[in-house]
Amino acid sequence: MIARSTLCASGLFLLVGLMGHAQNPLNFGSKILTADPSGHVWADGRMYLYTSHDEECQQDFWMKDWHVFSSGDLINWKDHGAVLSVKDLSWADNYAWAPDAAYKNGKYYFCFPVGTGHKDRVNPEKSTKWMGIGIAESDSPTGPFKDVIGGPLWRTPYANDPCLFVDDDGKAYIYAHGHGIDWQVREMADDMRSVQGDFIAMDMGGHEPKMEGPWVFKRQGIYYFTMAENNRKISYYMGRSPKGPWKYQGVIMAEEGESNNHHSIVEFKGQWIMFYHRWLKTDSPCATPQRHVCAEYLHFNADGTIQEVKRTEAGVSTPAASLAPSK
């Protein structure tokens, strides 16, 4: 018979080990630099995280591919590799920025911003940079994804940071950041390979600050429009339709220094999770902080409003009561 003290010590060692491996930033099993996390839970119950991939010490966000990671417990993650790369595209060669994904028609759709040219920060009038949004398809949530339309959903206006939202009735909507479209929405065609109709200006209740990284989700009949306000702090609105009108509710996560943020909010095993990135100076040879994906638990008040989320080192390493153990 094994002594009870030995069992307790073993259990404590296992718990400490799990916590040690799950502290923020998330441990993806390598030193890969990731940002702009888009979290989704598909039919198999696993959490899938679609991210942009920062090349170490990259030059002005010149990025070349996107990765997907999955987990059954938010602690142990599997890197499924690059699901799409700019080398797979005929119409763009750089700026593989913040992606999103959706499931409809029995297929998985990968929505990605990408571009060409060069941004001249010294002489902006000489800039040639352009960005658009593409759609790729796969029979698997981990890809590989194929660019089935061979071009962007639209060429003007300039756009990035897409968010795909599929409502309960099957209708899909796309939100994005771009020239003149920050507070607008567009419907996707049923085949998810094109947009239908023009942009629809949303009523934001008079509060339309500089923003990027929109993220829309639904909970208990309420729609939430969240975004990086002034590119720094995460704020949100509530509404009764994916097209608004929206009522501004305030800040979910305060800004951290001069660093931008990008997030997603998703329910996993009865508990809501907020994924985001931080700029951290780790053991990287880069002279400046680099981006790393983190996660925190997110909680709602009885009226549906969201409680403020604090950045922590523990993150989701201590399982919430509602999270069942992973098999």
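The values are calculated or read from the model by the stated rules, or taken from the named source; none is laboratory data. As the structure is a computational prediction, the values presented were derived from the model and not from experiment. All Cβ positions, glycine included, derive from the backbone under ideal geometry; neighbour counts span all protein chains shown. SASA here: full protein model, heavy atoms, side chains in, ligands and nucleic acids out. Shrake-Rupley method; radii C 1.70, N 1.55, O 1.52, S 1.80 Å.
Here, the range 167-272 has an Rg and a Dmax of 14.0, 42 Å when only alpha carbons are counted.
The angle separating the long axis of helix 4-22 from the principal Cα axis of greatest extent in the chain is about 20 degrees. In terms of packing, defined here as the mean over residues of other Cβ atoms within 10 angstrom, the peptides 170-177, 100-107 line up highest first as 170-177, 100-107. Quick one: pull the percentage of alpha-carbon pairs in the chain with a separation above 27 Å. Summing the P(r) of the chain above 27 Å gives 43 percent of all pairs. Given an 8 Å cut-off on Cα distances and at least 6 residues of separation, report the relative contact order of the chain as a percent. Contact order relative to length: 15 percent. The order of ASP54, ASP120, ASP198, ASP88 by accessible area, most exposed first and with a 1.4 Å probe, is ASP198, ASP88, ASP120, ASP54.
In whole Å, how far is the Cα centre of the range 39-91 from that of the range 121-198? When both Cα centres are located, 17 Å separates them.
Sites listed here are GluC sites (Glu not before Pro) in the range 226-307 whose DSSP assignment is loop and whose Cβ has at most 15 other Cβ atoms within 10 Å: GLU258. Give me the percent of accessible area attributable to carbon and sulfur for the chain, probe 1.4 angstrom. Carbon with sulfur: 52 percent of the solvent-accessible area.
Once you sort the root eigenvalues of the Cα gyration tensor of the range 81-221 as a ≥ b ≥ c, which label holds: rounded (a/c under 1.5), prolate (a/b larger than b/c) or oblate (the other case)? Because a/c hits 1.5 or more and a/b fails to exceed b/c, the range 81-221 counts as oblate. The LYS107 and ALA287 beta-carbon pair, evaluated with R₀ = 56 Å, returns a calculated FRET efficiency of approximately 0.85. Note on HIS80: accessible area approximately 60 square angstrom, rounded to 10, probe 1.4 Å, nucleic acids and ligands left out. For the chain, the solvent-accessible area works out to 45 Å² per residue, with a probe of 1.4 Å and every protein chain left in place. Extents of the range 214-306, largest first, come to 48, 30, 19 Å (Cα atoms, principal axes, whole angstrom). So what is Rg over Rh here for the range 175-219, counting just Cα atoms and using Kirkwood for Rh? Radius of gyration relative to Kirkwood radius: 0.99.
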